[in-house]
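Participant: Please see the structure below; I have some questions.
The values are calculated or read from the model by the stated rules, or taken from the named source; none is laboratory data. Just so we're clear, the structure is a prediction, and the values are computed from it rather than from any experiment. Here Cβ is always computed from backbone atoms with ideal geometry, including for glycine, and neighbour counts include all displayed protein chains.
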């Protein structure tokens with residue numbers, strides 16, 4: 001499974017493959033595994049632990065974010081709905097827009113300003129190896145609200 005890369009690899013996006021239990025499932029570390037009892041999305045498997053998890057409500061027409069972090073890199077997994085993730089490297093001013101929908105996983109490195117313009121209601125999960133610190137949230141308008 002190849003990642004789409006943006007901002008020289010500082011932002012990455014994967015559309016997780018949907019597979020059924022069996023040999024095909026073993027081909028992918030991260031995946032959406034369809035089981036008889038329902039979908040199991042495997043979104044993170046790394047020796048570095050997770051210290052922060054948040055559930056995000058995606059309200060159509062809203063904008064979330066417009067900030068960056070110096071310490072906290074973030075992962076976002078879309079459970080349902082869709083959004084445009086706008087990102088801007090604060091050091092180079094390079095910008096990109098990623099279309100996110102159910103089953104998409106995005107990684108946002110530190111010092112990348114980001115905002116999500118929600119285009120379809122849903123839910124997402126945000127997680128990070130770094131703990132949340134409000135002092136590490138630096139306002140930076142990526143999209144006008």
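Participant: Kindly indicate which of 79, 33 is free of Cβ contacts under 8 Å to residues at least 40 places away in the same chain, farther than 26 Å from residue 8 by Cα and either touching a helix residue (DSSP H, G or I) at 6+ places or on another chain (Cβ under 6 Å) or assigned to a strand (DSSP E or B) (or both).
Facilitator: Going through 79, 33 in turn, just one is free of Cβ contacts under 8 Å to residues at least 40 places away in the same chain, farther than 26 Å from residue 8 by Cα and either touching a helix residue (DSSP H, G or I) at 6+ places or on another chain (Cβ under 6 Å) or assigned to a strand (DSSP E or B) (or both): 33.
Participant: Quick check on region 1-30: of everything there that is surrounded by 14 or more Cβ atoms within 10 Å (Cβ to Cβ) and in a helix (DSSP H, G or I), which residue is modelled with the highest pLDDT?
Facilitator: The selected residue is 7.
Participant: Restricting to strands (runs of 3 or more DSSP E) lying wholly in region 83-145: which have 2 or more residues that are loosely packed, with under 15 Cβ neighbours inside 10 Å and without any contact (Cβ under 8 Å) to a residue 40 or more places away in the chain?
Facilitator: Qualifying strands (runs of 3 or more DSSP E): 95-101.
Participant: Same structure again: Could you check, for region 33-55, whether at least one of its residues is more than 13 Å from the chain's Cα centre (by Cα), surrounded by 14 or more Cβ atoms within 10 Å (Cβ to Cβ) and on the phi > 0 side of the Ramachandran plot?
Facilitator: no
Participant: Testing residue 58 on (1) more than 27 Å from residue 90 (Cα to Cα); (2) surrounded by 12 or more Cβ atoms within 10 Å (Cβ to Cβ), one condition comes back false. Which one is that?
Facilitator: Single failed check for residue 58: (1).
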